[in-house]
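The values are calculated or read from the model by the stated rules, or taken from the named source; none is laboratory data. Predicted model only: the values in this text are computed from it and were never measured. Don't worry about glycine lacking a Cβ; one is built from the backbone with ideal geometry, like all the others, and counts go over all protein chains shown. Protein only, heavy atoms only, side chains kept; ligands, DNA and RNA dropped before computing areas. Shrake-Rupley method; radii C 1.70, N 1.55, O 1.52, S 1.80 Å.
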Amino acid sequence: MATRGPGFLDKLESALSGAVVGRNLEAIDPWIEVAPDRLVDVCRWLKASSDPRFDALECITAVDWCEPDPKKAAKVSWRPHVELVYHLWSTSARVSLVLKVKLPRWKNDTPGQLPEVPSVAGVWRTADWHEREVFDLSGVSFTGHPDLRRILDRKSTRLNSSHLVISYAV
């Protein structure tokens, strides 16, 4: 596979120094963790300059690594955060790549302030809908999004394990 091994990653790191903060290209689904502020640069490079070129964004998923139960907290090795997972596809090479971005659970550690990440809707048009879905269901704000609004007919600020109150308009 074209993304396996050091060559692919070396080219990415050479083009965008400091953008990659984690990796596992030997996994069943090869992944790269990207610094949030470099996400758009990496996505543009993957679409236009990498070999293979990743011309499709298949989906964006948000994983809420919430506060653990106090009885289990000592056994947990992570701090609460939100992880965005971007699944990319190269049509010509028929290979996939996963991008991960870790965000603080709350912006500036202020409860209720949604974490933010730059929008990639300018790179892949499909991101428009996927980012709106993550915004609506997981409470991540995508800065620079062309039309960041809810897609469901309900009122809520965040649907996650710490905020499961949903009010439906009747």
*asked:* Students sometimes get this wrong: rank 51, 10 by accessible area, probe 1.4 Å, all chains present, largest first.
replied: 51, 10
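Roughly how many Å² is the accessible area per residue of the chain, as a whole number, for a 1.4 Å probe? Could you put the intermediate results ahead of the total?
Numbers: 9450 Å² over 170 residues.
Dividing the accessible area of the chain by its residue count gives 56 Å².
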_With a 1.4 Å probe and all protein chains kept in place, how do 133, 83 rank by accessible area, largest first?_
133, 83
*What's the longest bit of the chain with no exposed chymotrypsin sites (Phe, Trp or Tyr not before Pro), using DSSP loop states and at most 15 other Cβ atoms within 10 Å as the test?*
79-167
*asked:* List the lysines whose Cα sits under 29 Å from the Cα of residue 75, skipping any in the same chain fewer than 8 residues away.
replied: 100, 102, 107
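Could you please state how large a percent of the accessible area of the range 26-123 is carbon and sulfur, counting protein chains only and using a 1.4 Å probe? Spell out each step's value before the answer.
On the way: 2620 of 5300 Å².
Carbon and sulfur: 49 percent of the exposed surface of the range 26-123.
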